[in-house]
Amino acid sequence: MEPLLLLQADPKFYGPLSRTPRRGVEYRPAGVPDTWSEHHDDVWTGWYPEHKLGGVTEGWKIHLSCRIDRAQHVLDTAAPIFVAHGTAFKHLSCSMFFVLTHHKHASRSQSGKFCTAYPPDEHTAGQLMAALADALDGEEGPYVLTDRRFGDSKVVHYRYGAYVSRSRVLADGGHQLLVRDGTGREVPDRRGVRFQLPDGIVDPFAAPADPARRSGPPCFSGFTFDSVVQYSNGGGAYQGRELATGRPVFIKESRGHNGLVNTDSTSQDRLRAEHDTLRTLHAAAPGICPEPIAFFRKLENEFLVTEFVPGQSLQSWWVEHNPVIWATATRADYAAYHERCLNVIDQLTGILDRLHTLGYVFVDLNPNNVLVGDDDTVRLVDFEAAARIGELTSAIGTPGYCPPPGDGIRPDHVYYDEYGLSSLALAMIAPVNGTADLHGGTLAQLRHQLGKVADVPPRLWTTATRFRDAAATPAPERVDADPLGELALLREKLVAGLLSPDHPDGVVPFGPQSYHTNPLSVGHGLAGVVHALRIAGVPAPELTERLAREAWRHRATLPPGLLVGLAGIAWVLADAGRVAEARSLLAVADDHPVLPGHATLGFGKAGVGLAHLALYGHTSDEFHLDRAADLAGSIPRDASLTGELGQHNATGLLYGRAGIALLDYYLARLTGGGLDDGRTLLAEELDRAVTEDGGLLFPVSEKDARLMPYLYVGSAGVGMVASRY
């Protein structure tokens, strides 16, 4: 489930979208007989004849897309056709679900699918699509990227896929959907952003093949598309060249009838408005915005071409230059950085003042819409949300950089830019915007702690806290005077929140990863809460009982590892005195089919091995010690280890060699064995370190060059293991 959808159910906690009280227009089809059954599943409402799917488990699924203002009409037109063919179908339940599944930040593979039908065979699928295409002739909708369109229809799509959800669990807690191929084998049901068929399945509805495409980057309307900057559900952004001049350009694409932010605003609506804004502003004040070069349409998509503005995003800039994570930062380092921050703020203030004088407000002032050049020159880009002052009808904002939700549009439109500028100043000092929005006392604690190593300029701090309450409860000085006492008070409040009986899940808070992986896990779910409560000295027998019961009930669908799987749950239960249940769960982890291919602490053999050592500590049963040794021995100690680490030869405690070295260390302590294997792993990890600002930082992987200081990936995790050696 996309994080965007999980944010809608509650103002403070993540939860399934189906819980949201804001639904908008309810969709209900006309012409469905009373004998058909109605079912609700997350964002979908399904309608089934008495035989349901008739035992069919996969086939040619039909997807209908549409414009949001035509959704009820399309549903009323299609439903009698489905009923006439005895075909089960489902549709998005309401307009809120329609907006969010077609949102500019929604999943590209799911977008466009307003209605799904499950014909029992190929012949019925063909008849249905022909009837639907005829009945919906003239309707338009988004192109469903996973599908093919049927004939000339703009709304009837199809793909071959599973009707009944089947999946296999992956080591990271995700589930891979399955479908049978032409030989009956279960293979991944691939739902990317292009039409794909399982081996042995032939498309009986396909039009004649298109001529072979020319090689090289796409090129049309006088521009080449050389590289992708970013994809979104609303379209894409590309770096290209103007063929006539050779100059680099930035190209922004919007897909038809998609990229919604509300019921009245599609990506193409906003792109056309942005083009008009750029033309007006560039004519009045060249340089205040990217120069508009061209606007054109290709098939159903529209494209805006502007000058290519060099530079890095403001977010990348502060990650690179902020001394707050440097190991050897001095007051002089902070002073130099904060002076550069004030320079950025002053430039942005000047740009915004000019913009306001011209009668416009930028609205969505966030760190990705500000580019910083090599000489710290600042430019604003992405004027999608910009509007004339007095004509703003809907405000598009980025969480942490836009005002808290209020009643409608604020009459002072300039306020959006002033609030965004203040938020950028805060993020450059330390990116705690989201936390500060939930609890303003964060800011006073931040300034107090920063004051021990840096002198934040008063003008920068005043700008950063202009719209947020910086008062602290408790006062920072009180925390310094009695840190353990204040932590105890904080612990009591956290415990009360965790055990709140009012939350639908019975325990809070779970993050978005719990919905993607395993809500019972140590890393993202109930086991982590039970563990934390035990460490805090708070018995939670009801939660522990629930954890043991639910883990055993769902054991067949859970991964084996420590972070999101059975091993972590077993360790927590053993520590809570539920040793018998822990041993049973760990036995399931041992036999898990994905375990042999993963060596890591977070998801594989190293984590399961450590759980066995924990059980050995509770039981003194040599079986667990032997099993941990077997798991360590099965981990490759040569170049083939790379294939059992995290993606792209990952580093760090959870995904890399350091976590395996931790298993080696504790195993050696208990058996009296040597540490040579673990030292070799640590040496290989340390060979990849980057010396920066007096400390060692580690890239995430061979393809992800970000340098991290954290426990799960980066310096803290490697350092924790190295310190034991």
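The values are calculated or read from the model by the stated rules, or taken from the named source; none is laboratory data. Note that the coordinates shown come from a computational prediction; the quantities given were computed from them, not determined experimentally. With ideal geometry, Cβ positions are generated from the backbone for all residues, glycine too; neighbour counts draw on all protein chains shown. Remember, those area values only see protein heavy atoms, side chains included, never the ligands or the DNA or RNA. Shrake-Rupley method; radii C 1.70, N 1.55, O 1.52, S 1.80 Å.
Each semi-axis of the equivalent ellipsoid for the stretch 611-725 is √(5λ) with λ an eigenvalue of the Cα gyration tensor; in descending order they amount to 27, 15, 12 Å.
Among the GluC sites (Glu not before Pro) in the stretch 375-441, those placed in a DSSP loop whose Cβ has at most 15 other Cβ atoms within 10 Å are 391.
Rg of the Cα atoms in the stretch 311-456, relative to 2.2 N^0.38 Å, amounts to 1.09. Sites listed here are trypsin sites (Lys or Arg not before Pro) in the stretch 418-484 whose DSSP assignment is loop and whose Cβ has at most 15 other Cβ atoms within 10 Å: 452, 466. Rolled with a 1.4 Å probe across the full set of protein chains, the surface gives residue 708 an accessible area near 20 Å². Once you reduce the stretch 391-428 and the stretch 141-187 to the center of their Cα atoms, the two points are 40 Å from each other. Computed from the C-alpha gyration tensor, the three semi-axes of the ellipsoid equivalent to the stretch 106-202 are 26, 17, 11 Å, from longest to shortest. Take the Cα radius of gyration of the stretch 492-622 and divide it by 2.2 N^0.38 Å, N being the number of residues; the result is 1.00. Recomputing Kirkwood radius over Cα pairs in Å from the coordinates shown identifies the correct label among [x] 27.9; [y] 26.0; [z] 29.1 as [z]. Each residue, residue 375 and residue 475, gets one label point 7 Å from its Cα in the Cβ direction; the gap between the two is 4.8 nm. For the pair residue 500 and residue 245, a Förster radius of 45 Å applied to the C-beta separation gives a FRET efficiency near 0.10, rounded to the nearest 0.05. Average projection, convex hull of the Cα set of the stretch 372-512: 12.4 square nanometres. For a paramagnetic label modelled on residue 621 (point 7 Å from Cα along Cα→Cβ), amide N atoms under 12 Å away are absent within the stretch 550-567.
For the stretch 289-346, the fraction of C-alpha pairs more than 16 angstrom apart is 63%. Distance between the C-alpha centres of the stretch 1-78 and the stretch 516-534: 31 Å, rounded to the whole angstrom. Each residue of the stretch 167-176 was assigned a 3J(HN,Hα) from its phi angle through the Karplus expression (A = 6.51, B = -1.76, C = 1.60, θ = phi - 60°), giving 7, 10, 6, 9, 4, 7, x, x, 10, 8 Hz with x at Gly and Pro. Of the whole protein surface, residue 36 contributes about 30 Å² of accessible area at a 1.4 Å probe radius. Note on residue 467/residue 52: beta-carbon distance plugged into 1/(1 + (r/R0)^6) with R0 of 56 Å gives a FRET efficiency of 0.55. P(r) for the stretch 1-94, from all Cα pairs and a bin width of 10 Å, is 14, 41, 31, 13, 1 %, short bins first. Taking all protein chains into account, the per residue accessible area for the chain stands at 46 Å² (1.4 Å probe). Protein-only accessible surface at a 1.4 angstrom probe places the residues 635, 325 in the order 325, 635, largest first.
When the Cα gyration tensor is reduced to axis lengths a ≥ b ≥ c, the ratio a/c is 1.5 or higher for the stretch 250-312, and with a/b above b/c it is classed as prolate. The convex hull around the C-alpha trace of the stretch 651-715, projected and averaged over every direction, spans 4.5 square nanometres.
Report the calculated FRET efficiency for residue 324 and residue 356 (r = Cβ-Cβ distance, R0 = 30 Å), to the nearest 0.05. FRET efficiency, residue 324 to residue 356: 0.40. Size check on the stretch 591-668: the Cα extents along the three principal axes, sorted descending, read 38, 24, 19 Å. Under 22 Å of direct C-alpha separation, and excluding same-chain neighbours fewer than eight residues apart, residue 12 reaches these lysines: 493. Expressed as a whole percent, the accessible surface of the chain that belongs to carbon and sulfur atoms is 53, based on a 1.4 Å probe.
Helix-only arithmetic for the chain: the sum of -39500 (n - 2.57) across DSSP H runs with n ≥ 4, divided by the residue total, places the mean residue ellipticity at 222 nm at -11500 deg cm²/dmol.
Scaled to the compact-protein estimate 2.2 N^0.38 Å, what is the alpha-carbon radius of gyration of the stretch 279-392, rounded to two decimal places? Normalised Cα radius of gyration, the stretch 279-392: 1.27.
Structural descriptor for the chain: relative contact order 7 percent, calculated from alpha carbon pairs under 8 angstrom and at least 6 residues apart. The heavy atoms of residue 402 offer some 40 square angstrom of accessible surface to a 1.4 angstrom probe.
Inter-part distance, the stretch 247-321 to the stretch 647-673, computed on C-alpha centroids, equals 48 Å. When the charge dipole of the chain is built from unit charges on Cβ atoms (+1 for Lys and Arg, -1 for Asp and Glu) and taken about the Cα centre, the candidate among 599, 223, 43 whose Cα reaches farthest toward its positive end is 43. Note on residue 154: aspartates and glutamates with a C-alpha under 17 Å away, same-chain residues under 8 apart excluded, are 69, 134, 137, 139, 140, 300, 302.
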